[in-house]
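The block underneath contains the structure these notes are about, expressed in structure tokens.
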Amino acid sequence: MKRYSNIQKWCTELDGVFTIADLKVILNENTDATLYRTLKKLTECSALIKIKKGIYATPMSELATISSRIEPKSYISTGTVLAKKAIIGSVPALKVQAVKIGRPRTYKCKLGTIEHLSISPKLYFGFSAIKGRLVASPEKAFLDVCYFYFKGKNFSFDPAGDINLQDLDFNLINEYLKPYDNKFISFFNRIWKD
């Protein structure tokens, strides 16, 4: 019980997401063996959920926060942002998509699915820090959807028909399009500008 209350004390500061290093300090465990025994007990009673090796979260943690702790340089994007801004209908509640440089990865846990999509460094822009996590602008989230759709990615909504384009700033989108390759720009113009 004392261990659980120690975790609760740090929940607000760490948004309910902890690394092994955080937990070693919070739980005041001197050895790895005792730390992992304690973590096993805390996960068995659902006080903590193991997200992946080295990352744990409380049951009330947000997937977007967990995503940011797994990969701090990833930015929340695609349908996750568009749904939040009411530019599309809802997306699956237990899924977050983020974009990063490097290999794509998917993490599944009791809280849901976190999908990190991969983008080239020249297309890594169009986001800002909000509440300690990187979040794409609606225009960049839209472009990310279009780009990954162009690359063959399926979404839970139809990128060609389910997006409310009237709520997007096409002057900004035109600026954002400049670093993309000509094949994608032609594809984009054919579907979303005609």
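Here are the numbers for this structure:
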{"quantity": "Breaking point among (1) under 30 Å from residue 154 (Cβ atoms); (2) in contact with a Phe, Trp or Tyr (Cβ under 6 Å, 6 or more places away or on another chain), for residue 47", "calculated": "(1)"}
{"quantity": "Cβ pairs under 8 Å, 6+ apart, first in the range 171-182 and farther than 10 Å from residue 139 by Cα and outside any helix (DSSP H, G or I), second modelled with pLDDT of 95 or more and basic (Lys, Arg)", "calculated": "179/122"}
{"quantity": "Within the range 6-54, considering residues that are of a type in the set (S, T, N, Q) and either part of a strand (DSSP E or B) or within 24 Å of residue 132 (Cβ to Cβ) (or both), the one nearest to the chain's Cα centre (by Cα)", "calculated": "19"}
{"quantity": "Answer from 81, 99 - the residue that is assigned by TED's automatic domain parsing to the domain that holds residue 154, in contact with a helix residue (DSSP H, G or I) (Cβ under 7 Å, 6 or more places away or on another chain), under 22 Å from residue 153 (Cα atoms) and assigned to a strand (DSSP E or B)", "calculated": "99"}
{"quantity": "Tally of residues being crowded, with 21+ Cβ neighbours inside 10 Å and part of a loop (DSSP other than H, G, I, E, B) across the range 127-153", "calculated": "1"}
{"quantity": "Lone qualifier among 63, 82 - being of a type outside the set (D, E, K, R), touching a Pro at 6+ places or on another chain (Cβ under 9 Å) and surrounded by 13 or more Cβ atoms within 10 Å (Cβ to Cβ)", "calculated": "82"}
{"quantity": "Residues within the range 85-96 that are outside any strand (DSSP E or B) and either in contact with a Ser or Thr (Cβ under 7 Å, 6 or more places away or on another chain) or crowded, with 16+ Cβ neighbours inside 10 Å (or both), tallied", "calculated": "5"}
{"quantity": "Given (1) out of contact with any helix residue (DSSP H, G or I) (no Cβ under 6 Å at 6 or more places or on another chain); (2) under 27 Å from residue 69 (Cβ atoms), number of the condition residue 141 does not satisfy", "calculated": "(1)"}
{"quantity": "Answer residue from the range 154-170, given it is in a helix (DSSP H, G or I) and free of Cβ contacts under 8 Å to residues at least 60 places away in the same chain and is surrounded by the most Cβ atoms within 10 Å (Cβ to Cβ) among those", "calculated": "170"}
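The values are calculated or read from the model by the stated rules, or taken from the named source; none is laboratory data. As the structure is a prediction and not an experimental result, all values here were calculated from the model. As a convention, Cβ positions derive from the backbone with ideal geometry for all residues, glycine included, and neighbour counts pool all protein chains shown.
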